[in-house]
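Engineer: Structure below; questions to follow.
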Amino acid sequence: MYFVEGMTFTIVFPIINEILSHCHVTRWVGAAEFVLLFCYIPPQILSGYVHGAVANRFDHKKIVFVESILLSMILLAHGYTSSYPLFILLRMICGFLNGMVSTAKEFAAKSTEPKRRQYVYAFFGFAWGIGSLVGIWCGFTLSGKRLTSNPSDFLVLNPFFFSFVSCAVLVLLISILYYATTAFYIGSGDVDPQHSNKPSTLQNLKNSWADIKSKNLMIVSTPWQHYRMMQYVLLFLLRVHFVGSFADAEVVAL
């Protein structure tokens with residue numbers, strides 16, 4: 001899940017200026033970049049409560065599988081989009097669906113032995129980093145202008161189709177792999193006896209951050225996530241200041 005979240009978040013990084021050009025955004029380019037990049041984050045943060053509540057009432061594995069399919073469909077829709085407002089809307093939906101990462105540690109707690117959980121948690125940041133690199137690679141190398149020097153009419157109208165369809169296929173494959181490999185843990189019972197025969201909650205985890213009244217809904221919020229978000233803000237404020245200024249200057253020159 002962290003791999004998918006990193007990949008879908010960073011896929012627009014190398015093609016952000018091309019997306020704005022394709023959507024015919026010629027004014028306030030820096031602000032448009034900022035909105036397009038960060039519209040992903042608020043829905044993801046707020047949807048953590050929704051995913052936590054749903055995971056308490058339904059099968060966690062099936063929820064993740066269905067949302068992964070929906071996420072792949074939304075990514076496919078990105079490839080056909082030439083409207084800036086629609087692109088923002090689709091990206092916000094991606095952020096909302098990727099709020100499922102808020103329940104990742106819950107599943108890790110249920111499917112691993114207590115003495116091994118710290119090693120499993122350590123791979124979350126690693127998986128996100130690898131996913132972010134894959135997303136950047138898909139966005140940069142598979143856009144229509146880089147695939148061929150003489151693109152077809154389809155690639156002229158949809159230059160980012162292959163970038164997003166490759167990401168969608170990876171999301172679908174990972175969701176199928178996730179569904180298959182977790183059948184043992186969810187289907188046959190929990191490895192950890194203290195979690196068996198209990199609702200799907202995080203009340204026994206030491207690194208859980210908030211316990212919402214009824215004890216049935218808990219949101220994972222670690223210092224690493226806050227540190228990562230601060231890095232995003234600093235990085236893209238600098239990007240908007242420099243890259244956006246150059247883009248505005250280029251538009252004025254034209």
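Computed from the coordinates by the stated procedures, all read-outs in this text should not be read as laboratory data. Being a predicted model, the structure only gives us computed values, none of them experimental. Glycine also receives a Cβ, built like all others from the backbone with ideal geometry; neighbour counts cover every protein chain displayed.
Engineer: Between residue 137 and residue 31, what FRET efficiency follows from the Cβ-Cβ distance if R0 is 22 Å, with the result rounded to 0.05?
Structural biologist: 0.20
Engineer: Next question, about the same structure. Work out how much length residue 17 to residue 46 would gain on full extension: take 0.36 nm times their residue separation and subtract the Cα-Cα distance, in nm to one decimal.
Structural biologist: Taking 0.36 nm per residue and subtracting the Cα distance, the gain is 7.7 nm.
Engineer: Residue separation times 0.36 nm, minus the C-alpha to C-alpha distance between residue 122 and residue 89: what's the value?
Structural biologist: So the extension gain works out to 8.6 nm.
Engineer: Quick check: net charge around residue 97, other residues with Cβ under 14 Å of its Cβ, Lys/Arg +1 and Asp/Glu -1?
Structural biologist: -1
Engineer: Taking 0.36 nm per residue of separation and subtracting the Cα-Cα distance, what length does fully extending residue 57 through residue 70 add?
Structural biologist: 2.7 nm
Engineer: Another question about this same structure. How do the peptides 163-172, 125-134, 68-77 rank, highest first, by the average count of neighbouring beta carbon atoms within 10 Å per residue?
Structural biologist: For the peptides 163-172, 125-134, 68-77, the packing ranking is 163-172, 68-77, 125-134.
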